[in-house]
Amino acid sequence: MRRPQRLAVAALAIAATAGTLTACTTASERDGFAQSDSGGAENSVVLAEQPWVDLQVENEIAVQILQELGYEASIKKNLSVENAATAVSSGQIDAYLGNWWPSQEPSFGDPIDEGDVEVLSTIVKGTEYAPAIPGDVAEELGIASLADLDANAARFGKKIYGIEAGSPGNETIQKAIDEDAYGLGDWKLVASGTPAMLAQVEKSQKAGQPIVFLGWSPHWMTVQFDAAFLEDPDKVWGGAGEIRTVTREGFADDNPEIAELLSNLTFTTDEAGQFYYDHDKSGKELADIAEAWIDDNPDKVAEFLDGVEDADGEKAEI
């Protein structure tokens, strides 16, 4: 049976870092943490988001399903990881589906230990997150480890390209530079947005110029660049083994049905990688990717709805 037309995702924008916020495809747009759109409401969830395509599509999937079940669901967009941690721990935001662990421990470790943020579930397993180089560069220069970089400093221009300012990955790279780990004390972190970093990798690869960048999987970069994640013998890099769903304290008690749905959400690295490809390479809109995934995966959606009731107290179905 054809599902009813979904409501447009209610999205919000907040200036977490300097720069222009990405436009949101929403039924209505509101700025900042307006009281009516903050976390803590009954039968409602506000999700945190960075401009990472896998997280954006997963948030869209959650919002579209929840809205069809009669719940209110919205997204606070373009938050830094640090601001997301602060907002969830203070109750301004209810949940976050993008808790890369352990790489985000500097931001989320204390709030979790203090009970202000609760770990609900693991949404993606088997992730990678570390400085990387294109596979052809690794082969040409014989580089397998962070310890191999400084011997080739001139080839790399003593630069490591990162993503959004304030991200845990950038902060870890900068800390390694500040502490002269692996002899990188005179190297420079080039912080930019994710699209700008990826564009620089593409440009450098086409020009035959070696480049070090912040890499992660799932992502299409692992295929297009044959990304080689650099080993870390001195253990200065936190890395990432999984992505978790976390909530504000007490959210599962306040909204047990929504919490049950969120805890049921799981995606493979292949699915998350496909989200990136569909958006970045095929030019599809985030909401369209989410809607198509829901349409094409009824069995998995049924697993998401297992044990969940809709806003009217009936067994959840879409």
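Quick notes on this one:
- Only one of GLY115, GLY157, GLY142 that is in the same structural domain as GLU271 (by TED's automatic domain parsing), surrounded by fewer than 23 Cβ atoms within 10 Å (Cβ to Cβ) and either at pLDDT 95 or above or of a type in the set (A, V, I, L, M, F, W, C) (or both): GLY115
Each row is one residue, and each column tells you yes or no for (1) closer than 12 Å to LEU214 by Cα; (2) out of contact with any Pro (no Cβ under 7 Å at 6 or more places or on another chain).
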| residue | (1), (2) |
| --- | --- |
| LEU97 | no, yes |
| PRO106 | no, no |
| VAL117 | no, no |
| ALA130 | yes, yes |
| ALA176 | no, yes |
| ALA191 | yes, yes |
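- Subset of segment 94-121 that is touching a helix residue (DSSP H, G or I) at 6+ places or on another chain (Cβ under 7 Å) and part of a loop (DSSP other than H, G, I, E, B) - its residue that is farthest from LEU55 (Cα to Cα): ASP116
- GLU139 fulfils the conditions (1) over 30 Å from GLU260 (Cα atoms); (2) part of a strand (DSSP E or B) except for a single criterion, (2).
- Given (1) outside the structural domain of ALA151 (by TED's automatic domain parsing); (2) within 30 Å of GLU231 (Cβ to Cβ); (3) surrounded by 19 or more Cβ atoms within 10 Å (Cβ to Cβ); (4) at pLDDT 95 or above, number of the condition ALA87 does not satisfy: (2)
- Selection of segment 184-195 for residues being out of contact with any Gly (no Cβ under 8 Å at 6 or more places or on another chain) and over 20 Å from VAL137 (Cα atoms) yields GLY185, ASP186, THR194, PRO195.
- Index of the failed condition, GLU249 passing every other in (1) surrounded by fewer than 20 Cβ atoms within 10 Å (Cβ to Cβ); (2) within 20 Å of the chain's Cα centre (by Cα): (2)
- From GLU82, GLU72, residue being in contact with a strand residue (DSSP E or B) (Cβ under 9 Å, 6 or more places away or on another chain), in the same structural domain as GLY40 (by TED's automatic domain parsing) and among the acidic types (Asp, Glu): GLU72
- Set SER121, SER167: member being within 24 Å of the chain's Cα centre (by Cα), small (Gly, Ala, Ser), closer than 20 Å to PRO218 by Cβ and not assigned by TED's automatic domain parsing to the domain that holds VAL45: SER167
The values are calculated or read from the model by the stated rules, or taken from the named source; none is laboratory data. Predicted, not measured: the structure shown is a model, and the values here were computed from it. Positions of Cβ are generated from backbone atoms using ideal geometry, with glycine treated the same way; all protein chains shown enter the neighbour counts.
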